[in-house]
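Presented below is the structure to which this report refers.
The values are calculated or read from the model by the stated rules, or taken from the named source; none is laboratory data. This one's a predicted model, so the numbers in the text were calculated from it and none came from an experiment. For the accessible areas, the whole protein counts, side chains as well, though only heavy atoms, and no ligand, DNA or RNA atoms are used. Shrake-Rupley method; radii C 1.70, N 1.55, O 1.52, S 1.80 Å.
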Amino acid sequence: RISEIKTEYQDPLLVERTQQQADAKQGSAGSYRTKIQALSNQISALQQELQLKLEQGRNKVEQSKYKVRADSTDLIAIRNNFEIAQRQYDRVVELIQDGLKSRVDVEDKRTKQQEMQAKVIAQENKLLASRNDLINAQVELNRLRASYADKIAKAQSDRATAEGSLFEAQADVAKLEN
């Protein structure tokens, strides 16, 4: 029964205030739309950046593979040279025992053999460093994938939250307009 309500309890500005609330909710909905668009743009940018970074990482992996191959080939060549130097040294030692070569020749061949042995060790270290670079490049590629997956997932989550808030604001506007 409306007749029993006292007029001092009625708000004469009720319609105006309700319209202000509806306008505020409309503004809020607009802000959520803007946020959703910004997050969509951010997701797109992250996905594009990820593709470029992955391509860069794959190139690094390929370069590392080529470096390993080159260092492996160099190691084979240096080992061959070491074997030749070893055989020459052994041969000079035999010839000195037969009296056909001098001690200077033995020392010269020993020096050459030791130089080649040092080169073998240096090249083995270089090959190991190249293999390590390859592993590091592969690890970096996986790290990039994980990092960008996290960034993209967070942006998608934020966008979903903003979409939920937009729908809620739109529902509130509809309620206020009814």
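Overview of results
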| item | result |
| --- | --- |
| Under-5 Å amide H pairs with Lys101, H placed in peptide plane, nonlocal only | Ile96 |
| Whether the chain is rounded, prolate or oblate, judged on the alpha carbon gyration tensor where a/c under 1.5 counts as rounded | prolate |
| Degrees separating the helix 14-97 axis from the principal Cα axis of the chain, which is the longest one | 0 degrees |
| Average accessible area per residue (Å²) across the chain - probe 1.4 Å, nucleic acids and ligands excluded | 71 Å² |
| Square roots of 5 times each gyration tensor eigenvalue, C-alpha, the stretch 32-73, largest first, Å | 40, 4, 4 |
